[in-house]
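Chemist: There's a structure below that I have some questions on.
The values are calculated or read from the model by the stated rules, or taken from the named source; none is laboratory data. Predicted, not measured: the structure shown is a model, and the values here were computed from it. Every residue, glycine as well, gets a Cβ built from its backbone with ideal geometry; the counts of neighbours run over all protein chains shown. SASA here: full protein model, heavy atoms, side chains in, ligands and nucleic acids out. Shrake-Rupley method; radii C 1.70, N 1.55, O 1.52, S 1.80 Å.
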Amino acid sequence: LSSLFAKENLSRMTEQQLNLYDRLINEPSNDWDIYYWATAKPTPAEFESDVMAMLREFAKNKNREQRLRQPDLEYLFEPPR
């Protein structure tokens, strides 16, 4: 979930949002916590932010995209759009 979210959103995030995202993916001790906060459980107040709201919206997959594999990492080396 987080790698697909990152590919779609990192290039257009503000510096503040990037800092929030960095904190989100590095501070919780378990990636499953982030997954459950995005899909089913309430997010603890210290991690609630506009980035978490973006991740929850992304997890809804309203366009019913097939998300079976992580993205290739080439996008990390592409110039920003």
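Chemist: If a residue must be of a type in the set (S, T, N, Q) and surrounded by 13 or more Cβ atoms within 10 Å (Cβ to Cβ), how many such residues does the stretch 28-48 contain?
Modeler: Residues in the stretch 28-48 being of a type in the set (S, T, N, Q) and surrounded by 13 or more Cβ atoms within 10 Å (Cβ to Cβ): 1 in total.
Chemist: Restricting the first residue to the stretch 7-25 and requiring it to be under 13 Å from Phe58 (Cβ atoms), which pairs with a second residue that is outside any helix (DSSP H, G or I) and open to solvent by less than 70 Å² (accessible area, probe 1.4 Å) meet a Cβ separation below 7 Å and a spacing of at least six or different chains?
Modeler: Sorted first by the residue in the stretch 7-25, then by its partner, the pairs are Lys7/Pro71; Tyr21/Met13.
Chemist: Check the stretch 10-27 and report whether any residue there is at pLDDT 90 or above, charged (D, E, K, R), open to solvent by 100 Å² or more (accessible area, probe 1.4 Å) and in a helix (DSSP H, G or I).
Modeler: Checked against the condition, which is being at pLDDT 90 or above, charged (D, E, K, R), open to solvent by 100 Å² or more (accessible area, probe 1.4 Å) and in a helix (DSSP H, G or I), the stretch 10-27 yields at least one hit.
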